[in-house]
1. Can you spot the lysines whose alpha carbon is less than 23 Å from LYS156's alpha carbon? Ignore those fewer than 8 places along the same chain.
2. Is the range 10-125 rounded, prolate or oblate when judged by the Cα gyration tensor, a ≥ b ≥ c being the square roots of its eigenvalues, rounded requiring a/c under 1.5 and prolate requiring a/b larger than b/c?
3. Please give the length that would be gained between GLN89 and GLN50 if that part of the chain were fully extended, namely 0.36 nm times their separation in residues minus their C-alpha to C-alpha distance (nm, one decimal).
4. With θ set to phi - 60°, apply the Karplus curve 6.51 cos²θ - 1.76 cosθ + 1.60 along the range 153-164 and write out the HN-Hα couplings as whole Hz, x wherever there is a Gly or Pro.
5. Build a GNM of the chain with springs between Cα atoms under 10 Å: which of ARG166, ARG23, ARG31 gets the top mean-square fluctuation?
6. Based on the alpha-carbon gyration tensor of the range 72-119 and its eigenvalue square roots a ≥ b ≥ c, which shape applies: rounded if a/c is under 1.5, prolate if not and a/b is larger than b/c, or oblate?
7. Mind listing the long-range amide H neighbours of VAL35? Cut-off is under 5 Å, sequence gap 5 or more, other chains count too, H placed in the peptide plane at 1.01 Å from N.
8. Relative to the longest principal Cα axis of the chain, at what angle does helix 18-29 sit, 0 to 90 degrees, rounded to 10?
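Just so you know, all these numbers are worked out from the coordinates, no wet-lab data involved. As the structure is a computational prediction, the values presented were derived from the model and not from experiment. Methodologically, a virtual Cβ is constructed for each residue, glycine included, from the backbone with ideal geometry; neighbour enumeration extends over all protein chains shown.
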Amino acid sequence: MTHEHSPWRRAVVVEDEENLALRVRDHLVARGLWVQLAPSAGAGVDLIRQVLPDLVILDYKLPDGDARGVLEQLAELSPWPTFVAMSGQAEPLDTFELARLGIHAYLQKPFTPEALDEALRRAREQAVPLVPALRTAVGKMAIHDVEELARGTMVKEALARSGGSRTGAARLLQVSRQLLQHILRGIRD
């Protein structure tokens, strides 16, 4: 990720181990992201809802819950951020469940800065999970809001597939770059 344009602008790191949280924060800040930290599941859910970040780095096991509970509490969040889960304790079945709930990439602790970059690359290339969001929206969101969710998801996916290039994303979406800019302003507001 050192020489690539990041599709993310705002990040939240949910990690109870302060030194690790600070290392991840510094790594992301060095890549141009604005980052805030949360030391627990509850604080993470509140901060994510308040900030609406593009990227969330989420510890699997937290003092007051786990990543699964965080994801379930955020099920109605729109737009859905890119999530990277990290843990030294999760079993393969846990990682499968996290992927089903919307995690884009998984990072095994302890990890190097290069492993974090690799997880971010995998997350950027992973398709945004639209089906879980649509399922939770039924009966809770107006069709207009669902259309906005789908539009936002397609734009995020096109940006991920084009390595953050807005021109490449516009080409993939078969729209003008100007229209893509207009859509992006609506998504980020």
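1. Result set, ordered by chain and number: LYS140.
2. Rounded, since a/c falls under 1.5.
3. Values: separation 39, 0.36 × 39 = 14.04 nm, distance 2.86 nm.
The GLN89-GLN50 span can extend by a further 11.2 nm.
4. 5, 5, 5, 4, 5, 5, 5, 5, 5, 9, x, x
5. Highest fluctuation among the options: ARG23.
6. Here the range 72-119 falls in the oblate category.
7. Close amide H contacts, sequence-distant or interchain: ALA11.
8. On a 0 to 90 degree scale, this one is about 30.
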